[in-house]
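A short write-up of the structure that comes next.
Quick note: the coordinates plus some simple rules give every number you see, no bench work behind them. Since this is a predicted model, take the numbers as computed values, not measurements. Reconstructed Cβ throughout: ideal geometry from the backbone, glycine too, with neighbour counts over all protein chains shown.
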């Protein structure tokens, strides 16, 4: 399948293009703007000294104006910076915009490089090389996975995780609307309330690896006994996220952190990630970006097109009074089905 590289103009574009030239297949096409790309798209952004890029801003505007612009495409991302900041935030903003324009993203779709390349020190140690070479190896791995990707298996089993109270939760009300349209999909629901899950305490790498290889985690509990087995079985993970403070709830964050142990043992490239986000006021896009960076970019879940349904509802029960919410929930469920 054809690979198209979208590399907007900027002061540092040529340096990134030179780096990519060492790993791209000969037939890859490089464009400075998004015009009818092939089935596989590599978004590449070389940020300026201030962490900005007018070319990326133009690309974001194009993506946000057309919700069907990238339907049928799958993408990866490369972002380089001159300083130590803004590469990840730029990447996840771009990832959400592309996804909301119909684009799927590989599991672990991002290669980012800060100006010092210090973010590649660990990979360099693992590979027995230096940071510069580790950067090139990461690019080669991303390009190889993107060009070889043929899609995930159909959704048959869905693990659903939340930390909400059913009696008052608009988020769970939205899930009930979606669930009624998921005929043929087996669902397993897990409520992580009231201290049900201890947060990750950052065990040493060897300790985490040891317990991960045994299929568990040092801290045990519901994560090891119930959530880990469900994620091994499932074809997709759905996170139900009530947005109170423009962030994932504490127990959901703990769940993501604890998945590190399971991630040491296996990758989730073939498992889909979905999200339902209900905000009391605004900011659902911020929570969606957190899901992308934590579970797609870091934990390797595949991001299907239009992975998240974002709604706004404050008072208990008010979601069900939102105009068109049942139709939006049904459409979301249809996109999930095989």
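Observations on the model:
- Region 174-195 residues near the modelled residue 233 label - backbone nitrogen below 14 Å, point 7 Å along Cα→Cβ: 185-190
- Gaussian network model of the chain, Cα within-10 Å springs - most flexible of 275, 236, 128: 128
- Annotation: the residues 241, 103, sorted from fewest to most other C-beta atoms within 10 Å of their own C-beta, follow the order 103, 241.
- The distance linking region 121-199 with region 61-104 is 18 Å (Cα centroid to Cα centroid, whole angstrom).
- Helix axis angle, 54-65 relative to the chain longest principal axis, alpha carbon, degrees: 40
- Three principal axis extents of region 57-115 based on alpha-carbon atoms, in descending order, are 34, 24, 11 Å.
- Pairs of alpha carbons in the chain whose separation is greater than 30 Å (percent): 36
- Segment residue 246-residue 71, extension gain: residue separation times 0.36 nm, minus the distance between their alpha carbons: 60.2 nm
- With the convex hull drawn around the C-alpha atoms of region 276-338, the volume per residue stands at 88 Å³.
- Fewest neighbouring Cβ atoms within 10 Å first, the residues 307, 228, 263, 120 line up as 263, 228, 120, 307.
- Cα shape, region 1-70, gyration tensor, a/c 1.5 rule: oblate
- Relative to the longest principal axis of the Cα atoms of the chain, the long axis of helix 250-265 makes an angle of roughly 60 degrees.
- Note on residue 335 and residue 166: the extension gain reaches 58.3 nm, defined as 0.36 nm multiplied by sequence separation minus the Cα-Cα distance.
- Dividing the mean sequence gap of close Cα pairs (under 8 Å, 6+ apart) by how many residues the chain holds gives a relative contact order of 18 percent.
- Shape of region 44-83, Cα gyration tensor, a/c cut at 1.5: oblate
- When the inverse distances between all different Cα atoms of region 1-117 are averaged and flipped, the Kirkwood radius reads 14.0 angstrom.
- Rounded to the nearest 10 degrees, the inclination of helix 87-100 to the longest alpha-carbon principal axis of the chain is 60 degrees.
- Sorting 252, 20 from the fewest to the most surrounding beta carbons within 10 angstrom yields 20, 252.
- Relative contact order (percent, whole number), region 1-149, Cα cutoff 8 Å, 6+ residue spacing: 23
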